[in-house]
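Everything below concerns the one structure shown next.
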Amino acid sequence: MSDMTTPGAASADRGYVPMVLAEQVSKSFGSHEVLKSISLEVKRGEVMCLVGPSGSGKSTFLRCINHLEVLSAGRLSVDGELIGYRETSGKLYEMAPKEAAKQRRDIGMVFQRFNLFPHMTALQNVMEAPLRVKGLPKAQAERTARDLLARVGLAERADYYPAHLSGGQQQRVAIARALAMEPKLMLFDEPTSALDPELVGEVLDVMKGLAKEGMTMIVVTHEMGFAREVGDSLVFMDGGVVVESGDPELVLSNPQHRRTQAFLSKVL
Amino acid sequence: MSTPNLNGRGAGPASSPADPAAPAASVPIKAIRLRHPWRMVFAIVLIVVFALAIVDAAFRPAYDWPTVAKYLFDRRISQAALVTLELTVYSMVIAIVLGVILAVMRLSPNPVVKSLAWFYLWVFRGTPVYVQLTIWGLISLIYSSIDIGIPFMHPWVSFETNAALSTFALAVIGLSLNEAAYMAEIVRAGLLAVDRGQEEAATALGMSWSQTMTRVILPQSMRVIIPPTGNEVISMLKTTSLVTAVPFSFDLFARSRDISAETFNPIPLLIVASIWYLFFTSILMVGQYFLEKRFARGIGDRQPDKKGGGSNPEPITGVTVVPESEQAPATRSTREPGTGQGGPS
Ligand SMILES: Nc1ncnc2c1ncn2[C@@H]1O[C@H](COP(=O)(O)OP(=O)(O)OP(=O)(O)O)[C@@H](O)[C@H]1O
Ligand SMILES: [Mg+2]
């Protein structure tokens, strides 16, 4: 695949390439440093849950991974490919928007507020990127889109506009829309925070299904039950740094750090 | 409530009202309707005054209705009406295209591009259109020839301004450049009205900036852009009467004045011109109605598309409009005309 041809992927020679590799990633908005030298690794097929108080930089970190935000310092690579830069003989070159867009195709993102396109039906939402970005023929795009909608349990709602769907249904359409690009990595930014409690389950179920199929996922969430059940690892962030990370079961039941303890006592 | 998943599909009016009709078993309210006597009195007074005005106008010699009838479909007038329409359409099309470009420029992160757009707005919005049209008419005095090529070198192409640009072209240029400044603000407001999450979602899917604009942002901003643009078109139709400043004199207003100069009777020809302006305005309003409907898809919940189907709005009309929908099933989709208007009397 493409990672074999990437010159920058030094670790590819050793045969192991993590899906996401963040090395001392920092991000500032003006003088406000939101991410402070974050280093972490997500393996292929791993589900990493990212938790932390509001303003700790979780969304910013996710947005850095698909280059919606530009790093201030550090390196970030997905599947061995440096994000946002090309590295040729030791020098970094900023990517043209077109190349960055190409990288984003392989990274699906699901937002807290769904962000479905309101002027398109569920089906059109799911078909849009495969049609315009990948240039798939319409019949094929529609077939895949209908399959995906069926997979998230919404085959019946394909022709509905988002305004006529419940929050849970909208979020499932949004997941189908991201999956339509056949991403190798899925980013979820508090996918259930905007939902009524009784709708949270249906979205988490879809995500569990995805995890079972081996999708690599980074999930920002406050659903500790989900983290415990589905997560392979848990990262606790506060103030732009990774405070603690490890097996979700261990971190949740026996947090080592004071700040983790304080946060968990509030959410659990 | 049985499986809303299955019958909520918008299969048709027959199935959807059945669901909410469940509470129909309750006793209908029997009450004497509230009377509005003053409304009635007011309506009658208005109608009488209006009728008197019409009768009066019909017999008032100054209006000279026979002359109005004679010139309404006069070839010179109908041709001038066409010219006015052309002026409007060309100017608006150019203004909209230019307006979109200017709006995008104003939102650009590049400060030079941004200030350029701002400067354009400052000049063209800050001076009267009549003055601008006059200046365009004098353009050949300022620039006697138009040269295309590299500055300070011998031009590749050069032509006389007077020969290259007819007064019609100058009128279109003057009107459209002025209008573009207003359109830019309308488009900008539309673009800003779209939630930022939309751009983010499109970008995250790998869509390019231009795809994001044309497929996601612009279609949604249309809902905000169209109503004021409709106003601008109508306003432009009337502003064309100022092209006499260029001077261009084949539009509706100039023509009707020319004719009345021959007949020494200005009032009937003013009426003729007004009737034509009103006719075009009415057509434009109908067009606007359909455009608005088209771009309200999925967003304007008041008028759900058939596809939007089964949810709340439909059953309600299904109940209130039952006798009517039997007479004319076609009105169901375009429900606005007629139904609401009959009431007030
Ligand atoms: N575009 C921006 N410009 C300036 N500051 C920003 C920007 N985006 C985020 N921030 C700041 O960065 C900090 C981290 O924001 P971020 O959204 O990443 O937090 P979060 O952990 O996702 O919080 P939440 O749980 O509330 O979503 C906040 O203090 C926020 O104000
Ligand atoms: Mg956030």
Legend entry - Placed amide H near A:Val243: partners under 5 Å, 5+ positions off or other chain: A:Phe236, A:Met237, A:Asp238
Inset, instruction - Quote the Stokes-Einstein diffusion coefficient, in whole µm² s⁻¹, for the range B:75-295, based on the Kirkwood radius over alpha carbon pairs, a temperature of 4 °C and a viscosity of 1.567 mPa s. - result: 66 µm²/s
Legend entry - Bins of 5 Å, starting at 0 and running to the largest distance - Cα pair percent for chain A: 1, 6, 12, 16, 18, 17, 14, 9, 5, 1, 0, 0
Inset, instruction - Output the antiparallel fraction of DSSP beta bridges having both residues in the protein assembly as shown, as a percent to the nearest 5. - result: 60 percent
Inset, instruction - Give the long-range amide H neighbours of A:Gly45: residues separated by 5 or more places, or on another chain, with amide H under 5 Å away, using H modelled in the peptide plane at 1.01 Å from N. - result: A:Thr216
Legend entry - Gain in span if fully extended, A:Ala194 to A:Arg228, counting 0.36 nm per residue against the direct Cα distance: 10.1 nm
Legend entry - 16 Å cut-off, amide nitrogen to a point 7 angstrom out along B:Lys114 Cα→Cβ, residues in the range B:187-212: B:188-189, B:192
Inset, instruction - Identify which of A:Leu123, A:Leu148, A:Leu136 has the largest mean-square fluctuation in a Gaussian network model of chain A, with springs joining Cα atoms closer than 10 Å. - result: A:Leu136
Legend entry - Euclidean distance of C-alpha centroids, the range A:155-190 and the range B:44-114, integer Å: 47 Å
Legend entry - Difference of contour (0.36 nm per residue) and Cα-Cα distance, B:Arg75 to B:Val286: 73.4 nm
Inset, instruction - Figure the gain on full extension for A:Glu41 and A:Lys134 (residue separation times 0.36 nm, minus the Cα-Cα span) and round it to one decimal in nm. - result: 30.6 nm
Legend entry - chain A, helix-only ellipticity at 222 nm - DSSP H runs n ≥ 4, -39,500 (n - 2.57), divided by all residues, nearest 500: -10000 deg cm²/dmol
Legend entry - Computed E for A:Ser26/B:Ala189 - FRET, C-beta separation, R0 41 angstrom, nearest 0.05: 0.65
Legend entry - Cβ charges +1 (Lys, Arg) and -1 (Asp, Glu), total dipole of the protein assembly as shown, debye: 860 debye
Legend entry - Computed E for A:Lys102/B:Ile275 - FRET, C-beta separation, R0 60 angstrom, nearest 0.05: 0.55
Inset, instruction - Give, in whole angstrom and from largest to smallest, the semi-axes √(5λ) of the equivalent ellipsoid of the range A:193-268, with λ running over the eigenvalues of the Cα gyration tensor. - result: 22, 15, 11
Inset, instruction - Can you figure out the FRET efficiency of B:Ile29 with A:Val267, using R₀ = 41 Å and their beta-carbon distance, to the nearest 0.05? - result: 0.20
Inset, instruction - Measure off 7 Å from each Cα along the Cα-to-Cβ vector at A:Leu250 and B:Ser210, then give the distance between these two points in nanometres to one decimal. - result: 5.3 nm
Legend entry - Global geometry of the protein assembly as shown, whether rounded, prolate or oblate, following the gyration tensor of its Cα atoms and the 1.5 cut on a/c: oblate
Legend entry - Three-way shape label, the range B:84-160, alpha-carbon gyration tensor, a/c 1.5: oblate
Inset, instruction - Return the percentage of antiparallel bridges among DSSP beta bridges fully within chain A, rounded to the nearest 5 %. - result: 60 percent
Inset, instruction - List the residues whose amide H sits under 5 Å from the amide H of A:Gly231, counting only those 5 or more places along or on another chain, with H placed 1.01 Å from N in the peptide plane. - result: none
Inset, instruction - Please work out the C-alpha center-to-center distance from the range A:92-108 to the range A:203-268 and express it in whole Å. - result: 29 Å
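All of the numbers you see were taken from the coordinates with simple rules; none came from a lab. The model shown is predicted, which means the values in this text are computed figures rather than measured ones. Cβ atoms come from the backbone with ideal geometry, glycine included; neighbour counts cover every protein chain shown.
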